[in-house]
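Taking it in order: structure first as structure tokens, then the write-up.
The values are calculated or read from the model by the stated rules, or taken from the named source; none is laboratory data. All values derive from a computational prediction rather than experimental measurement. Cβ coordinates were reconstructed from backbone atoms using ideal geometry, including for glycine residues, and neighbour counts include every protein chain displayed. Accessible surface is based on the protein model in full, side chains and every heavy atom, while ligands, DNA and RNA are left aside. Shrake-Rupley method; radii C 1.70, N 1.55, O 1.52, S 1.80 Å.
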Amino acid sequence: MRWTLQSKPEKEQVQKLQNELQVDEIIATLLVQRGITTYDQAKTFFRPTLEDLHNPYLMKDMDKAVSRIEKAIENGENILVFGDYDVDGTTAVSLVSSYLKSYYPNIATYIPDRYDEGYGISYKGIDYADDNGISLIIALDCGIKSIDHVAYANAKNIDFIICDHHRPGNELPNAVAVLDPKRDDCTYPYDELCGCGVGFKLIQALAENRNQSIFDLIPYLDLVATAIAADIVPITGENRVLAKFGLEVINSNPRPGIKALIQNVKKKVLTITDVVFIIAPRINAAGRIKHGNEAVALLTEFDLEQAEIFASEIEQHNADRKDLDKQITIEALSQIETNNEKEKFTTVVYQENWHKGVIGIVASRLTETYYRPTIVFTKSGDKLAASARSVKDFDIYNALEACSEHLEQFGGHMYAAGMTLKEENYQKFKDAFEKEVQKTIHPDLLIPEISVDLEINFSDINPKLIRLLSQFEPFGPQNMTPVFMTKNVKDTGYAKPLGKDNEHLKLFVKQSRSIGKEGFGAIGFGLGTKLDAVKNQKPFDIVYCIDENEFNGNVTIQLRLKDLKN
């Protein structure tokens, strides 16, 4: 792995902030690195409030969306809340439908079948609306490119409101309202919301119209925080506010569906990371293995006993998902080895019977293994469907756009995308994608990077520093857990491997040059192979995050090693 030490900000800027906040240089430096340079910005960062959220009516077409929903309610129309089958989509549908149902009964929900209908707005979904006398569809986390689908609905006298956060194409669908902060003509102050976040802005606007305050919407924030965590959007601006207060709801008074998912978790306080690894995979498992409707049923259930039944079913889907992704990953790795494709700039694999619901996870696993832009294809009807994952700082969406002549459709973000193509175009696409990545990627991006915030000494680590670092939470993209580097450390002789395959490393480290007498326990997950590098008092450098470890009621400082080298 390559270690990249962030450049230090200007000393004057750091000192100014240090004086204004009365904090030490390390904290001031970390803040400036995150773009926080004034007292007011620091106050918003450390003490976010719900009043920091922007006026929802600043989003283009919000007034049109609210007006059309109010008209539908006034006329007694049937409304369909439609969303994607992943966490962002199912939480968004649960959010908007449960809010509307709190004062209007004629609300139905629709999640497309991953296998039968595929991603996004479907003709089948529109036909369902038509058959059930529905005249307004609110689409969440999808729809920004659904020009033909919206035209099809319009011909049936069905209106659309689109709430999306994906990049628009050159043309927008002919919907009543298109809410997407990434629209070129939208001047909304924050454009990194997830799909559920855009849905939240819609209910915020509806709430204002009904003389409700932002505080009336707090019970919905557990859904928004879950979507923010799962969709890996930046934890900055509004996302930071929504994630912080959403986590408070998850930890204090979550809806029965989320409570049922986490009631066996032993941790006292769940973080964004826990949401990513505990809650999100289970919600996702419904759409991957069975149907996204099961996730919506869980998240909108108000009876805890019934929610527990739904949660146990989803738990089984998650166990099945784990078995499938493990097996497919083994097969994909074997395919790459057999075809001797490890030296390529990309990893593209295909097998027709791979389970469509887990190819995104497999793409992530392959990216971790070979660290290349990765696409995993499977058969879906008469076409091939795929999930793509990228490496840090490489925009896979742009690469797909450059190869789009071979694709039927595609959509997504910088780091993750989905697509379909005709089987006869698979090899042409694979060759074009390899050529495009080879032409545009910087070779450094093919080596995993650890971005290091600061070099510090062990003498800098104390309870006050840890207390202030904890206030940087919630962590996530663009506000990651601070990573430190310390040079010339030695193990005190207690280093040992951990885990059933000795894959982890536990040690106790002191800094070689005698700066104080500080020493810390350290754990290196996945670093078991580095045991020899720390034996016999050999000095080495480490990069790490600072954790607190609680054992038998005692709290001690522990370093979570990300890498070490002599």
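Quick notes on this one:
- When the P(r) of segment 384-468 is calculated, the portion above 14 Å amounts to 70% of the C-alpha pairs.
- Fully extending the segment from Gln478 to Gln335 would add 47.9 nm, taking 0.36 nm per residue of separation and subtracting the current Cα-Cα distance.
- In the context of the full set of protein chains, segment 374-496 has a per residue accessible area of 45 Å² (1.4 Å probe).
- Dimensions of the chain from C-alpha coordinates, computed as largest minus smallest value along each principal axis and given longest first, are 77, 59, 49 Å.
- In this rough spin-label picture, where each label sits 7 Å from Cα along the Cβ direction, the Lys101-Lys64 distance is 2.9 nm.
- For the peptides 486-493, 396-403, residues were scored by their other Cβ atoms within 10 Å and the scores averaged per peptide; the highest-first order is 396-403, 486-493.
- Taking a point 7 Å from the Cα of Arg560 along the Cα-to-Cβ direction, the residues of segment 20-38 with backbone N closer than 20 Å to it are 27, 30-31, 34.
- Using C-alpha pairs under 8 Å with a sequence gap of at least 6, the mean separation divided by the residue count of segment 161-263 gives a relative contact order of 22 percent.
- Across Lys322/Lys506; Lys428/Lys562; Lys392/Lys430; Lys464/Lys530, pairs whose alpha-carbon gap is larger than 30 Å: Lys428/Lys562; Lys464/Lys530
- Label-to-label distance for Glu248 and Lys392 is 3.2 nm, based on points extended 7 Å past Cα in the beta-carbon direction.
- Heavy-atom accessible surface of segment 46-126, averaged per residue, reaches 37 Å², computed with a 1.4 Å probe.
- Take the Cα of Tyr57, go 7 Å toward its beta carbon, and the backbone nitrogen atoms of segment 159-192 under 17 Å from that spot belong to 187-189.
- Those residues of segment 377-408 whose amide nitrogen sits under 17 Å from the label point placed on Asp127, 7 Å along Cα→Cβ: 381-382
- For segment 76-188, a Kirkwood radius taken over Cα pairs fed into Stokes-Einstein (25 °C, viscosity 0.890 mPa s) yields D = 175 µm²/s.
- By accessible area, using a 1.4 Å probe on protein heavy atoms only, segment 350-419 has 41% of its surface on carbon and sulfur.
- In the chain, taking the dipole from charged Cβ atoms about the Cα centre, the farthest positive-side position among Gln306, Ala155, Asn339 is held by Asn339.
- Peptide packing: for 215-224, 70-79, the average count of neighbouring Cβ atoms within 10 Å per residue gives the ranking 215-224, 70-79, highest mean first.
- Computed about its Cα centre, the charge dipole of the chain is approximately 2200 debye, with only Lys, Arg, Asp and Glu carrying charge at their Cβ.
- Note: relative contact order over segment 402-553, using C-alpha pairs below 8 Å and six or more positions apart, is 19 percent.
- For segment 194-206, 3J(HN,Hα) per residue [Karplus equation, 6.51 cos²θ - 1.76 cosθ + 1.60, θ = phi - 60°, Hz, x = Gly/Pro]: 7, x, 5, x, 5, x, 5, 4, 5, 6, 5, 5, 4
- If R0 is taken as 45 Å, the Cβ-Cβ distance between Asp116 and Ser451 corresponds to a FRET efficiency of 0.60.
- Percent accessible area from carbon and sulfur atoms, segment 1-130, protein chains only, probe 1.4 Å: 46
- Annotation for Glu171 and Gln471: the two label points, set 7 Å from Cα along the Cα-Cβ direction, are 5.3 nm apart.
- Of all lysines in the structure, those lying under 23 Å Cα to Cα from Lys326, and not within fewer than 8 positions of it along the same chain, are Lys290, Lys342, Lys356, Lys379, Lys500.
- Report summary: the helix-based calculation at 222 nm, which adds -39500 (n - 2.57) for every DSSP H run with n ≥ 4 and divides by the residues of the chain, gives -12000 deg cm²/dmol.
- Segment Lys266..Arg2, full-extension length gain: 91.5 nm, with 0.36 nm per residue of separation and the alpha-carbon distance subtracted.
- Taking the accessible area of segment 464-566, probe 1.4 Å, and keeping the other protein chains in place, the carbon and sulfur fraction comes to 49%.
- Computed over the chain, relative contact order equals 11 percent, with contacts defined as Cα pairs under 8 Å that lie 6+ residues apart.
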